[in-house]
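The values are calculated or read from the model by the stated rules, or taken from the named source; none is laboratory data. Note that the structure is predicted; figures quoted are calculated from it, not measured. So basically every Cβ, Gly included, is an ideal-geometry build from the backbone, and we count neighbours across all protein chains shown. Remember, those area values only see protein heavy atoms, side chains included, never the ligands or the DNA or RNA. Shrake-Rupley method; radii C 1.70, N 1.55, O 1.52, S 1.80 Å.
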Amino acid sequence: MHKVALFDSTLRDGSQGEGISFSVEDKLKIVKALDQLGIAYIEAGNPGSNPKDLEFFARARDLDLKHAKLVSFGSTRRKQMVASDDPNLQSLVTAEAPIVSIFGKSWDFHVTDIIRTTLEENLAMIEDSVRFIVESGSEVFFDAEHYYDGYLANPSYARETLKAALRGGASTLVLCETRGGLVPSEVGRITAETAKAFPGIPIGVHAHDDIGCGVASSLAAVEAGAVQVQGTLLGFGERCGNANLSTVAAILGTKLGCDCLGGESLEQLTEICRAVAEIANVRISRSAPFIGKSAFAHKGGMHIDGVQKNPLSFEHVDPLSVGNERRLLMSEVAGRALMLKRIARVAPNLDKDDPVTVSLMDELKSLEADGYQFEGAESSFDLVIRRHLKMYRPYFQLVHYQTIGSSPYADPLSDATHAAVVKVKVNGQSAITAAEGEGPVNALDRALRKVLEQFYPTLKSVHLTDYKVRVLDSAGATASKVRVLIESTDGSNSWSTIGVSKDIIEASWYALSDSIEYKLIADGVEPSDEEA
């Protein structure tokens, strides 16, 4: 297989994305996850820019990595300065990373108008800086910043910057599409012409996503001869982000026959992407290619029928090949066959013409007419099935709940704005507790889990990852019916539940209690003896 090395910059370029911040512990966890995936290079930060990155590189020396090599990042020396006297270059040497990524200007406009020096001095800055790092014992990748724009403006000078890096001892030339504004065909053309001008030299590509072409441009560069692709695993980064390496890896592996994960399987892609998203505190788009929750979700009856007969009818790859799963969405347009497939999880002996199946379909349509939408809350529908088939025993009985809000809140030093009190019965035993939260639903969620954890300890791992409210009949103004959809996780699995009511707190309660009961069923916990 043709080999392409993936270079992940989540910890450096990704950290420049709005709302992204990593602790040293976060960085160490992400490095381990990326190494497990089979990423070849991990650019972990600029030790000259902040103490956090210096601490990271010091602690990272003890990591036992199977695939990845750590890369530190920095710029060329300052103008009119000796490389050995430049503090940034000194910190790169101190970090002792096996590879250093040095970026320098390849667009003459940036040289003359932004860093304001001569074209000749810029070439000297590149050569001197690369040589200083190489002589210190590290391999150097040269990131030719703005290379594609520079090539369009002055191709001769852009190539001269690459020659300067090679004179200094750079091992790989990385062509950067820094503004992210070129169409992939231009990236491919310029990459091919550059590769031809530097035969035998490894070429990389670093693309941004400002016009939504980061992945496409990276693939165009690979087809034109690039053997290294830089990006971030989930695509976040400066401005609109970087090329999304999860998509790049999946396409290279499933479409272009490339080994880009050091022999590791793409089957762990989705799991590792979700783990990194959890650490970064970002949500993966449901529609993200390959790894999104909706990437292999089917709703229309014809689509569901086709994919059940032969997945090739509507799926371009097997979802399991990238660690994802096929989802057949429950809705009034899904058809009785899907209903039967869902029922079979708890009652495998029913057929599609059984009166129970027919009545369940009627109940589904009635609930959807009432405002429920199970295509995004299949876990709640599993509970509907159990209740309909008399196979449901509750895990707790609500005695009462109360939420209390005030402004200003009683404790001005707290972020909490509300308190909630929840009383339940489990196996004849009553328990009551209270909790504070940022809003009534957050307080209710905390109080419910707190009172139940003493009976069901596995709930300690559960927390909400998403909460959505939709007004269903706005003509009712503040008395309108609302739909609440929540997504929960225990760190390994996630599930969605739903509640509908004219009372937003009550709708939230329905969704929260369904979430907890679904978790306990999934864990195989025995229900209580309470009456439903």
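Take the Cα gyration tensor of the stretch 192-285, multiply each eigenvalue by 5, square-root it, and list the three semi-axes largest first, rounded to whole angstrom. Working shown, then result.
On the way: eigenvalues 121, 56, 20 Å².
Semi-axes (√(5λ), whole Å): 25, 17, 10.
In this calculation the C-beta distance from residue 490 to residue 163 is compared with R0 = 60 Å, giving a FRET efficiency of 0.65. Computed from label points 7 Å out along Cα-Cβ, the spacing between residue 471 and residue 281 is 3.0 nm. Helix 155-168 and the longest principal axis of the C-alpha atoms of the chain enclose an angle of approximately 80°.
Structural descriptor for the chain: relative contact order 10 percent, calculated from alpha carbon pairs under 8 angstrom and at least 6 residues apart.
Gain on full extension, evaluated as 0.36 nm per residue between residue 16 and residue 171 minus their Cα-Cα distance, stands at 53.2 nm.
Quick one: dipole size for the chain, taken about the Cα centre, charges +1 on Lys/Arg Cβ and -1 on Asp/Glu Cβ, in debye to the nearest 20.
Working: 54 positive and 72 negative charges, 110 e Å.
The dipole of the chain has a size of about 520 debye.
Computed 3J(HN,Hα) for the stretch 248-264, one whole-Hz value per residue from the Karplus formula 6.51 cos²θ - 1.76 cosθ + 1.60 where θ = phi - 60°, is 4, 4, 5, 5, 4, x, 9, 10, 10, x, 9, 8, 10, 10, x, x, 6, glycine and proline marked x. Were the residues from residue 316 through residue 156 laid out at 0.36 nm apart, the gain over their Cα-Cα distance would be 53.4 nm. Nearest 10 degrees is fine. How inclined is helix 184-197 to the longest principal axis of the chain, computing both from alpha carbons? Taking the Cα atoms of the chain, the angle to 184-197 is about 30 degrees. Spatially, the stretch 242-296 and the stretch 129-164 are offset by 30 Å when compared through their Cα centroids. Projecting the Cα atoms of 303, 253, 266 onto the charge dipole of the stretch 253-313, computed from C-beta unit charges around the Cα centre, puts 303 farthest toward the positive end. Separation between the residue 363 and residue 407 pseudo-spin-labels, each 7 Å from Cα along Cα→Cβ, expressed in nm? Taking the two extended label points, one gets 4.1 nm. Cross-link partners for residue 32 among the lysines, with Cα-Cα distance under 21 Å and sequence neighbours closer than 8 places in the same chain left out: 52, 66, 69. Rolled with a 1.4 Å probe across the full set of protein chains, the surface gives residue 400 an accessible area near 80 Å². Using bins of 10 Å that start at zero, the share of Cα-Cα pairs per bin across the chain amounts to 4, 16, 22, 20, 16, 13, 8, 2, 0, in whole %. Here the alpha carbons of the stretch 81-124 define both size measures, Rg and Dmax, at 12.6, 34 Å. Under a cut-off of 17 Å between alpha-carbon atoms, report the lysines in cross-link reach of residue 468, not counting same-chain residues fewer than 8 places apart. Within the straight-line cut-off, residue 468 pairs with 293, 481, 502. Full extension of the chain segment joining residue 112 with residue 393 gains 93.7 nm, where the gain is 0.36 nm per residue of separation less the Cα-Cα distance. With respect to the chain, whose longest principal axis is taken over its alpha-carbon atoms, helix 269-280 is tilted by about 90°. In terms of Cα to Cα distance under 20 Å, which aspartates and glutamates are near enough to residue 365, apart from those fewer than 8 places away along the same chain? Filter leaves 305, 332, 351, 353, 354, 375, 378, 382, 473, 514. Show log10 I(q)/I(0) for the stretch 83-234 at q = 0.10, 0.21 Å⁻¹, two decimals, from a solvent-free Debye sum over equal Cα scatterers. Reported log10 I(q)/I(0), two decimals: -0.32, -1.32.
How high is the relative contact order of the stretch 383-532, in percent, with contacts defined as C-alpha pairs under 8 Å that are six or more residues apart? Don't jump to the answer; show the numbers that get you there.
On the way: 290 pairs, mean separation 32.8, N = 150.
Value for the stretch 383-532: 22 percent.
A P(r) calculated from all alpha carbon pairs of the stretch 1-94, with 5 Å bins opening at zero, reads 3, 13, 23, 22, 17, 11, 7, 3, 1, 0 percent. Computing Rg and the Kirkwood Rh from the Cα coordinates of the stretch 69-163 gives a ratio, Rg/Rh, of 0.97.
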